[in-house]
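The values are calculated or read from the model by the stated rules, or taken from the named source; none is laboratory data. Given the structure is predicted, the values throughout are model-derived calculations rather than measurements. As a convention, Cβ positions derive from the backbone with ideal geometry for all residues, glycine included, and neighbour counts pool all protein chains shown. Protein only, heavy atoms only, side chains kept; ligands, DNA and RNA dropped before computing areas. Shrake-Rupley method; radii C 1.70, N 1.55, O 1.52, S 1.80 Å.
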Amino acid sequence: MQQNNRVFYPSPAIPLAPVLSEKSIKLSSKSRDVKSILSNSEQIHVTSGRAGIALALEHAGVTENDEVLIPAYHCESMISPVLWRVATPVFYQINADTSINDDDILDKITSSTKAIIVTHYFGRIQNLCKVKKLCDENSIVLIEDCAHAFFGSKDGVPVGTVGDYSIASSMKFFPCFDGGVLASSKHSLNTIALESQPASLQLKSFFNIVERAINYGRFGFLGKFLKAILKVKELTWNSIKRLRKSSVSTAISPSSSEGGYGLDQNWIHKNTSTPSLTTIKKSDYKRIISKRRANYEKLHTALAGLANAHPLFDALDKECVPLVFPLFVNSPEQAFDTLKRQGVPIWRFGEFLDEEINQELCPNSMTLSSHVFQFPCHQELTLKELDWMIEKIILAIK
């Protein structure tokens with residue numbers, strides 16, 4: 001379906017992101033003894049990764065007339081927090097394999113540079129030795145964007161523990177409705193005051209988590225009982241919407257939880273909802289890591305031999321916990337449309353870059369934004385779902 005030049009695709013036939021299942025939760029704390037952004041000594045749970053960036057910039061004192069270096073390969077969620085601080089985003093180049101271009105970062109640093117954001121794309125952890133040295137020498141704040149890399153390490157060092165601050169997007173790795181992390185091992189975060197979520201968001205969070213699990217058949221016989229609960233939810237939710245109909249207050253949930261990319265200022269200084277936080281804190285981290293790696297390897301083996309596409313990375317680093325499986329497609333547009341129409345869960349990071357980005361500023365970002373398809377490899381995919389997705393990808397791309 002197409003309306004006003006915008007194409008509307010069907011919902012994914014299999015889950016794009018993790019959904020709650022009977023295997024998601026494990027009460028033993030040993031299941032959570034892993035290297036991750038939570039290895040930092042300081043951590044707070046916020047509504048989203050972009051809220052984490054905003055709070056990091058605020059805590060670091062970034063303000064008007066300051067410059068923040070951002071990779072040219074990005075999404076709006078990385079820029080909006082900088083604009084919220086009335087600072088100026090300055091874009092630096094990345095290499096074809098998504099590693100940061102240290103030389104271009106050096107060229108872009110000025111007396112106004114206050115912070116540098118580096119992104120661990122698709123879960124592959126960047127080598128931060130040079131940029132960390134540059135930041136230390138120039139009194140610049142280094143922010144690790146771990147939205148793609150909640151778990152993992154490089155040379156034994158947990159992801160997100162090198163910079164002054166690090167942020168993560170919990171929603172990408174856990175079956176939760178909202179959630180992000182701001183962490184640090186260099187600065188105390190106890191001066192950041194967060195407000196509790198309103199009751200309406202708490203309810204929406206709980207019902208969203210349960211409803212998505214039922215819709216994708218993750219609860220078996222238990223799902224029949226939970227469907228009855230959802231009927232109560234509909235009555236409750238309709239009542240809430242009627243009460244808020246004439247209100248001009250904030251949205252009932254942050255746009256990050258609804259698939260948007262903007263920054264909702266009213267949700268920056270709020271914490272993760274209780275249902276989402278409970279899910280995050282009680283999940284089986286070791287299962288998340290092992291399943292994501294196994295699913296990635298299955299996709300890599302199946303798709304490495306395609307004539308018109310190739311895995312973006314030659315191999316999965318041994319300490320990497322992938323967000324997705326990135327596939328570089330030579331002729332992307334027809335295949336992208338075909339897969340979307342078939343309900344295959346697929347998206348492109350950086351599909352809509354800032355208007356400042358062009359071939360002269362960073363050709364690699366322009367290429368990656370259109371040619372790299374992302375397919376899920378999360379822990380809640382079944383083998384049947386993986387096989388179905390692989391078959392559709394092969395037929396569409398060949």
Could you please state, rounded to a whole Å, how far the C-alpha centre of segment 123-171 is from the C-alpha centre of segment 66-120? 14 Å
With all protein chains present and a 1.4 Å probe, the order of 389, 366 from largest accessible area down is 366, 389
Would you list, by chain and number, the aspartates and glutamates whose Cα falls below 17 Å from the Cα of residue 172, excluding same-chain residues fewer than 8 positions away? 76, 144, 145, 258, 284, 380
Starting from the Cα of residue 28, move 7 Å in the Cα-to-Cβ direction to define the label point; list residues of segment 347-387 whose amide nitrogen is under 14 Å from there. none
Rel. contact order, % - alpha carbon contacts under 8 angstrom, at least six apart, the chain: 25 percent
Expressed to one decimal in nm², the mean projection of the alpha carbon convex hull of segment 17-69 is 6.1 nm²
Compute the signed sum of charges (Lys and Arg +1, Asp and Glu -1) over the other residues within less than 10 Å, Cβ to Cβ, of residue 10. +2
Unsatisfied cross-links (Cα-Cα over 24 Å) in the set 26/340; 318/398; 30/130; 35/282: 26/340; 318/398; 30/130
If you take semi-axes √(5λ) of the Cα gyration tensor in Å from the coordinates, which of (1) 70, 28, 20; (2) 43, 27, 22; (3) 31, 27, 21 do you get? (3)
If the convex hull is drawn through the Cα atoms of segment 1-158, its volume per residue in Å³: 177 Å³
How many percent of the accessible area of the chain is carbon or sulfur, using a 1.4 Å probe? 51 percent
³J(HN,Hα) computed for each position of segment 101-112 - Karplus, 6.51 cos²θ - 1.76 cosθ + 1.60, integer Hz, glycine/proline x: 8, 4, 5, 6, 4, 4, 5, 8, 6, 10, 5, 8
Over the heavy atoms of residue 351, what accessible area does a 1.4 Å probe trace out, to the nearest 10 Å²? 70 Å²
Restricting to DSSP H runs of at least four residues, report the calculated mean residue ellipticity at 222 nm for the chain, -39500 (n - 2.57) per run over all residues, nearest 500 deg cm²/dmol. -11000 deg cm²/dmol
Cβ-placed point charges (K, R +1; D, E -1), dipole of the chain about Cα centre in debye, nearest 20: 2320 debye
If you take the Cα Rg of segment 334-393 and divide it by 2.2 N^0.38 Å, with N the number of residues, what do you get? 1.38
State the extension gain, in nm to one decimal, for the chain segment bounded by residue 301 and residue 395, taking 0.36 nm per residue of separation less the distance between their alpha-carbons. 32.3 nm
Relative contact order %, segment 250-322, counting alpha carbon pairs below 8 Å whose residues are six or more apart: 21 percent
Order 380-388, 277-285, 108-116 from most to least packed using the mean count of other Cβ atoms within 10 Å. 277-285, 108-116, 380-388
Excluding residues on the same chain fewer than 8 positions from residue 281, give the aspartates and glutamates whose Cα lies under 13 Å from its Cα. 33
Order 166, 257, 290, most accessible first, counting only protein heavy atoms with a 1.4 angstrom probe. 290, 257, 166
Report the Stokes-Einstein translational diffusion coefficient (µm² s⁻¹, integer) for segment 275-398, Rh taken as the Kirkwood radius over Cα pairs, at 25 °C with viscosity 0.890 mPa s. 156 µm²/s
